[in-house]
Amino acid sequence: MLDYPLTAAEAIEPERLVVVIGRDAEKVEEAFSDRATFVLQHEQRGTGHAVLTAQKALADFSGDVMILYGDTPLLRPETLTEMVRAKAATGADLLMLTARVDVPGIVIRDRSGAVARIVEQTDATPEERAIEERNTGVYLVSSDLLWKTLAQVDDRNEQGEIYLTTLIERSVSEGRRVEALQMGDAEEAIGVNTRVELAAASAVIRRRKIHQLMLDGVSIIDPANTYIDADVEIGRDTLIEPGCVIQGETQIGEGVHLKPGCMIESSRIGDDATLGPNAHLRPGSVLGCGVRIGNYVEIKNSILADGVKADHLSYIGDADVGAGASFGCGAITVNYDWEKKSRTTVGEGATIGCNVNLIAPVTIGKNAAVAAGSTIGQEVPDDALAVERGRHRNIEGWVSRRGKSE
């Protein structure tokens, strides 16, 4: 969650970034230790108190302070840039973002239309709650005004908290210039406090990602039924059919075809590969150029060189597969012995027949072949054919005799 506002803030190149943390403070600081200075708010006494917690870290700073929220992930860098521009253009002492969205801070204007104060929904009258324009809580304010005003704010309200919104009312009463910049896209103001809001924010991020990918030359047949994480990279002229889910730090090359129902997790796919329908790449999978992975094939933590083919109903786990090798229907790398996982090596041009089990650790040589139905636990040399099957025998009359005995 915090990564999104941090990324937006980094895009406008601030002199420094300070993050106020509380719950799970150690975990948050560990995750983002190289991106910001952290200060701990021991008592959660409101937004104004949180900002005051950062004052010591900014004691030697003079200039404009932008205040963002860790649970508001949809703000775009372009919006923050526009705030900087608008504050400079208007000469405002304080610039605030507003939007017509359901957030607690209600914008109260005077008869001339100028911003007068902000009222929290819990403290508002029924008439005030009917006002649609709301305060997003995002401010750009001069540091001298910020610290002077917060030093004068008390916590005499229903919640016993120090409200950052008091900045508005006090600035207005002192004759300071307060300007409001209303966002064109109210979705940017979505805050995440419930699982419902989390799902709504996630949907917006996915929609933005898919929109940008299509502008960049990726063909997505049904955007509403395609799920692509924000960190995914996809090359031009790739075609993605409905029902695909692409997660993590996945990288997909150019001209790739993902047929319906593919699941891709933190993997890399080379140019001109074809997957699916219903193929599954688990984390750590690397596919070379022109690889073909078909129906209900699962790849896990494996490296498949250029031109490898596994068209249906196979499992390739913890394997290193050379260029041009192929797997028949139902072929499996048996990578787990109930204690540890081992790797399988398949050489260039090797042919693995249908319903073959390769018991790792094992090596199949270059241009070798494994006959259908074999279970292989020993090395197969280059150019060799491996056959491992039990001797076939027929027991005449067995079915009839079994029926009589019952």
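The values are calculated or read from the model by the stated rules, or taken from the named source; none is laboratory data. It should be emphasised that the depicted structure is a prediction, and the values quoted were computed from it without experimental measurement. Cβ atoms come from the backbone with ideal geometry, glycine included; neighbour counts cover every protein chain shown.
Odds and ends about this structure:
- Qualifying residue in region 235-242 (condition: under 27 Å from Asp102 (Cα atoms) and either at pLDDT below 95 or out of contact with any Phe, Trp or Tyr (no Cβ under 6 Å at 6 or more places or on another chain) (or both)): no
- Filter pass, Glu30 being charged (D, E, K, R) and in contact with a His (Cβ under 8 Å, 6 or more places away or on another chain): no
- Listed by first and then second residue, the pairs linking a residue in region 86-103 that is under 20 Å from Ile131 (Cβ atoms) to a residue that is basic (Lys, Arg) and in a strand (DSSP E or B), with Cβ atoms under 8 Å apart and 6 or more places separating them unless they lie on different chains, are Thr98/Arg134; Ala99/Arg134; Arg100/Arg134; Val101/Arg134; Asp102/Arg134; Val103/Arg134.
- Scanning region 31-40 turns up no residue that is surrounded by fewer than 16 Cβ atoms within 10 Å (Cβ to Cβ), more than 27 Å from Ile205 (Cα to Cα), of a type outside the set (D, E, K, R) and out of contact with any Ser or Thr (no Cβ under 9 Å at 6 or more places or on another chain).
- Qualifying residue in region 187-197 (condition: surrounded by fewer than 17 Cβ atoms within 10 Å (Cβ to Cβ), assigned to a loop (DSSP other than H, G, I, E, B) and touching a residue at least 40 places away in the same chain (Cβ under 8 Å)): yes
- For Ile205, the stated conditions hold: it is surrounded by fewer than 18 Cβ atoms within 10 Å (Cβ to Cβ) and either touching a residue at least 40 places away in the same chain (Cβ under 8 Å) or within 21 Å of Glu82 (Cβ to Cβ) (or both).
- Count - residues of region 208-229 that are surrounded by 14 or more Cβ atoms within 10 Å (Cβ to Cβ) and within 16 Å of the chain's Cα centre (by Cα): 8
Results for (1) at pLDDT 95 or above; (2) touching a Cys at 6+ places or on another chain (Cβ under 8 Å); (3) surrounded by 11 or more Cβ atoms within 10 Å (Cβ to Cβ), shown as yes or no for each residue.
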position: Gly365; (1), (2), (3): yes, no, yes
position: Ala368; (1), (2), (3): yes, no, yes
position: Ala372; (1), (2), (3): yes, yes, yes
position: Gln378; (1), (2), (3): yes, no, no
position: Ala386; (1), (2), (3): yes, no, yes
position: Ile395; (1), (2), (3): no, no, no
position: Gly403; (1), (2), (3): no, no, no
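- Every residue from region 240-261 that is surrounded by fewer than 22 Cβ atoms within 10 Å (Cβ to Cβ) and either within 15 Å of Val291 (Cα to Cα) or among the polar types (S, T, N, Q) (or both): Gln247, Thr250, Gln251, Gly253, Glu254, Gly255, His257, Lys259
- Qualifying residue in region 38-47 (condition: closer than 29 Å to Ala230 by Cβ, touching a residue at least 40 places away in the same chain (Cβ under 8 Å) and in a helix (DSSP H, G or I)): yes
- In the set (1) under 24 Å from the mean Cα position of the chain (by Cα); (2) farther than 17 Å from Leu164 by Cα, Asp60 fails one condition alone, (1).
- In region 118-138 there is no residue that is free of Cβ contacts under 8 Å to residues at least 40 places away in the same chain, surrounded by fewer than 16 Cβ atoms within 10 Å (Cβ to Cβ), under 30 Å from Pro223 (Cα atoms) and of a type in the set (Val, Ile, Thr).
- Odd one out for Asp110 among (1) surrounded by 13 or more Cβ atoms within 10 Å (Cβ to Cβ); (2) touching a helix residue (DSSP H, G or I) at 6+ places or on another chain (Cβ under 9 Å); (3) over 21 Å from Thr72 (Cβ atoms): (1)
- Gly317 vs. criteria out of contact with any helix residue (DSSP H, G or I) (no Cβ under 7 Å at 6 or more places or on another chain), crowded, with 19+ Cβ neighbours inside 10 Å and farther than 15 Å from Gly270 by Cβ: yes
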